[in-house]
Each structure stands twice: as C-alpha cells, then as structure tokens.
Amino acid sequence: MSVRYDACVLAGGQARRLGGRDKPGMSVGGRPLIETVAAAVSDAGRLIVVGPRRPGLPQAVFLREDPPGGPVPALRAGLAEVTAPLVALLAADLPFLAAEHVRALLEAADPGAVLIDDDGREQWLAGAWRTAELARALARYDGRSLHGLLAPLAPARLHLGGAPWFDCDTMDDLLRARSGTGPIPNEE
C-alpha cells in the first residue's frame, strides 16, 4: 500500500493491573510488546511514541503529554507531531498486531476505522484515522474518554483474524499471549 501515514503509539500508562510493571517493555515471543507494534507500522512516515524513550526504537520520536493524564492528553501530544494525512493510533501492548492489520485499518479509515474484538467491542487504541478529522474532534472535545472522543466519528468497525486487537492488560493476558493462545472468549 502506498498511502502516506504516521503512527502514534500510546505507551505511557501506569499499568495498574500489571502491578505498575513496564507493560510496553514486557516480552512476547522474545520481543518487547512495543517493538512488535513498531514492526507492524514499519512503513509509517513517522513513528511517534507518547511514553518513555526506548532503546529498541531509534527511529521513533518520543514525547510525553504534559501534564500526564490518560489516553486523550497523550493523543493530543502525539497528534501534534503527525504530518501525514492518516494516522494509525495504537496501544503499545498489542502482541498479535501485524502490518496487514494496519493496512486494513488504513484502507477503511474514512474518517476512521477501529478493530473490534470477538465480542464486538471497539478497541479504540487499535485504529486508523484521517488526521484532519481527528484533530477537529480533539479541538472540540474536553473529556477524558477515548470512546467519548472517537465514537461520534462513526468509524468503520473491523473484525480481523489473528486477534490483532488483543492487548496485555493483566498477567493472565500476557501469559496467554506468550503461550500463543490469545484471547479467551467472553462466557457471559
């Protein structure tokens, strides 16, 4: 695909459910999670990481939101560095994300596209957006919820094979990713 895009990876959270561990630095398949995400966007014009500097990502632009305060302020900081017409907005803890998933998101991004999980829930940190649309939405939004910011844009909802939306929020998630079993279907 020859669409010009930048990638904005949010990598600064507190990882409370992981006991404050460095979630983006946790390894799955012998590679830190954030490096897996970076590999999935290796053709991006710019890789913008909102979070601490990482030695394995020399090509990345690193920055922090000021003041720290969750994904919306982090997105504001990261989007200020985006120069391409499209932006992949991603969490730093997606062990199964691959370049073909990002390409599918970018192709569907009008004005945006997000991955949905096996239960049909939007995964707001696994998406792609028209940069101008996202910037306009951020300019008029004063909340703290990504859902509140992004849902009104009515993005395309993609369910792709391989569980690219699966993130590692808990030790159980991390262990499932490491074992290759991935998500466990919701049994409600």
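The values are calculated or read from the model by the stated rules, or taken from the named source; none is laboratory data. None of these values were measured; they are calculated from a predicted model. In this analysis, Cβ positions are derived from the backbone assuming ideal geometry, glycine residues included, and neighbour counts consider all displayed protein chains. Keep in mind that these areas ignore ligands, DNA and RNA; they rest on the heavy atoms of the full protein, side chains included. Shrake-Rupley method; radii C 1.70, N 1.55, O 1.52, S 1.80 Å.
One Cα centroid belongs to the stretch 29-58, the other to the stretch 74-121; the line between them spans 14 Å. Extension gain for the segment Ala84 to Tyr141, taken as residue separation times 0.36 nm less the Cα-Cα distance, is 18.3 nm to one decimal.
How much mean residue ellipticity at 222 nm does the chain get from its helices, if each DSSP H run of length 4 or more adds -39500 (n - 2.57) and you divide by all residues, to the nearest 500 deg cm²/dmol?
Numbers: 6 runs with 50 residues, N = 188.
Dividing the helical sum by the residues of the chain leaves -7500 deg cm²/dmol.
So, with a 1.4 angstrom probe, what is the percent of accessible area on the chain that is carbon and sulfur? Can you show the working numbers first?
Numbers: 4390 of 8910 Å².
The value for the chain is 49 percent carbon and sulfur by accessible area.
The 3J(HN,Hα) values that the Karplus relation (6.51, -1.76, 1.60; θ = phi - 60°) gives for the stretch 98-110 are, in residue order, 9, 4, 5, 5, 5, 4, 4, 4, 4, 5, 9, 6, 8 Hz. Gly and Pro appear as x.
Each of the peptides 136-147, 101-112 was scored by the mean count of other Cβ atoms within 10 Å over its residues; in descending order, highest first, they stand as 101-112, 136-147.
Once the chain from Ala39 to Asp169 is taken as fully extended at 0.36 nm per residue, the excess over their C-alpha distance is 44.8 nm.
Rank by packing, highest mean first: peptides 54-60, 29-35, with packing defined as the count of other Cβ atoms within 10 Å averaged across residues. All intermediate terms of the calculation are to be shown ahead of the outcome.
Working: 54-60: 13.0, 29-35: 17.6.
Descending mean neighbour count gives 29-35, 54-60.
Between the labelled values (1) 15.2, 44; (2) 18.7, 68; (3) 20.3, 68, the entry that holds Rg and Dmax of the Cα atoms in Å as derived from this structure is (1). Computed over protein heavy atoms with a 1.4 angstrom probe, the accessible surface ordering of Met26, Met171, largest first, is Met171, Met26. For an R0 of 22 angstrom, estimate the FRET efficiency from the Cβ-Cβ distance between Ala132 and Val61 and round to the nearest 0.05. That pair, Ala132 with Val61, gives E of 0.65. Remark: the chain carries a charge dipole of roughly 560 debye about the Cα centre, counting +1 on each Lys and Arg Cβ and -1 on each Asp and Glu Cβ. Between Arg31 and Arg157, the contour length at 0.36 nm per residue exceeds the Cα-Cα span by 42.5 nm.
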